1. Testing Leu46 on (1) touching an Asp or Glu at 6+ places or on another chain (Cβ under 7 Å); (2) within 26 Å of Pro169 (Cβ to Cβ); (3) not small (Gly, Ala, Ser), one condition comes back false. Which one is that?
2. Among the residues of the range 285-314, write down those that are touching a residue at least 60 places away in the same chain (Cβ under 8 Å) and of a type in the set (Asp, Glu).
3. Six or more apart or on different chains, Cβ atoms under 6 Å: show the pairs whose first residue is in the range 192-204 and touching a residue at least 24 places away in the same chain (Cβ under 8 Å) and whose second is of a type in the set (D, E, K, R) and open to solvent by less than 70 Å² (accessible area, probe 1.4 Å).
4. Within the range 205-225, which residues are without any contact (Cβ under 8 Å) to a residue 60 or more places away in the chain and either hydrophobic (A, V, I, L, M, F, W, C) or open to solvent by 60 Å² or more (accessible area, probe 1.4 Å) (or both)?
5. When the range 235-284 is examined, which residues are found to be within 20 Å of Val176 (Cβ to Cβ), touching a Gly at 6+ places or on another chain (Cβ under 9 Å), among the polar types (S, T, N, Q) and not in a helix (DSSP H, G or I)?
6. Take the conditions among the β-branched types (Val, Ile, Thr) and either out of contact with any Pro (no Cβ under 6 Å at 6 or more places or on another chain) or modelled with pLDDT under 95 (or both) and apply them to Ile240. Does it pass?
7. Of all residues being part of a helix (DSSP H, G or I) and not aliphatic (A, V, I, L, M) in the range 84-96, which is most open to solvent (accessible area, probe 1.4 Å)? Just the residue, please.
Amino acid sequence: MPANALRQYQVTANGIRIQVAEQGTGPLVLLCHGFPEGWYSWRGQLAAVAAAGFRAIAADMRGYGRTDAPADIAAYNLLQIVGDMVGLVSALDARQGVIVGHDWGANIAWHAALFRPDVFPAVAALSVPFRQRGSAPPLQMLRHAGQLSHYWLHFQEPGIAEAEFERDPRAALRRVLYSISGDAPAATRRLTLQPGKGWLANTLDPDHLPAWLTDADLDHMAAEFSRSGFRGGLNWYRNIDRNWELTAPWAGALIRQPALFIAGSLDPVIESGSGASALQALATTVPGLRRKLLIEGAGHFIQQERPQIVNAAILEFLGGLPAWG
């Protein structure tokens, strides 16, 4: 097997079995995916990070792919998932790793850096800016603001969104990945739903896949979710208010490590509301921020949509850091 070949295996960390894809040797770079994805969403980054002299590890996060999916909804809280990443670093026989995350994985990366700066000396986040703890539970705030059609609320009742996505996992993934990408019409890139309808009713089924997504890619992703289901990933959303309660000790805390933020200019997460506010506040809430890169014309699935630009930014960031390990 070539020295930099991709290999997959499982390790035990924080009491669960975690599936990882590994490429390269050197200082550890940990890649954390979001919803609805898996380690495969980093397929465009693993070889590039490895070729630059790093040990790239993309994990199936808790509840996804071939990683364990505990039955208890509360097992998907922020502290447990950050705990998975802390445990994973140790299970990989490392002391430290630079953590990189996209979407929900970005939230995990930010909080891993916040909670354990000794383990994560630098952080890169894609699509979701760091949000400091607010004054009230987020779901409660949405309800009080009358934003009852926000997709976070649609995901709360167990079984509803699962049935919607699991009816045809391949079609669901095709619709979601396209519809909040930069290739989709602006009208589909929204996070509020039509009254009484699910998330997929907001989406379009493209006549042709975008250039960055092949049939083989979609086959791989659909096979993973056909086996695992969507419940694990959806359970992360069911802990949003619980996460607010658990993070009370870090209210007002800043992330001081070197940091990188990347997003697409058309990503609905940063176009308005709390995401836009968090993006504006990054220089204050993350005083170690070295670069904020907005990629023109790209949407939410940024590392898949624009892998070369994302890779160049990540490698420039990694190359400017002090040694870790």
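1. Every condition holds for Leu46 apart from (1).
2. The one that is touching a residue at least 60 places away in the same chain (Cβ under 8 Å) and of a type in the set (Asp, Glu): Glu305.
3. Note: pairs meeting the criteria are Gly198/Glu164; Leu200/Glu164; Leu200/Arg175; Thr203/Arg175.
4. We begin by selecting, within the range 205-225, every residue without any contact (Cβ under 8 Å) to a residue 60 or more places away in the chain; these are 205-209, 211, 214-216, 218-219, 222-223.
Result: Asp205, Asp207, His208, Leu209, Ala211, Thr214, Asp215, Ala216, Leu218, Asp219, Ala222, Ala223.
5. Ser265
6. no
7. Top of the filtered list is Ser90.
So that you can scan it fast, the table gives a plain yes or no per residue for (1) open to solvent by 10 Å² or more (accessible area, probe 1.4 Å); (2) in contact with a strand residue (DSSP E or B) (Cβ under 7 Å, 6 or more places away or on another chain):
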| residue | (1), (2) |
| --- | --- |
| Ala281 | yes, no |
| Val286 | no, yes |
| Leu294 | yes, yes |
| Ile302 | no, yes |
| Gln308 | yes, no |
| Ala313 | no, yes |
| Gly319 | yes, no |
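The values are calculated or read from the model by the stated rules, or taken from the named source; none is laboratory data. As the structure is a computational prediction, the values presented were derived from the model and not from experiment. Please note: Cβ atoms are built from the backbone with ideal geometry, for glycine as well, and neighbour counts cover all protein chains shown. In case anyone asks, the SASA skips ligands and DNA or RNA and just uses the protein heavy atoms, side chains included. Shrake-Rupley method; radii C 1.70, N 1.55, O 1.52, S 1.80 Å.
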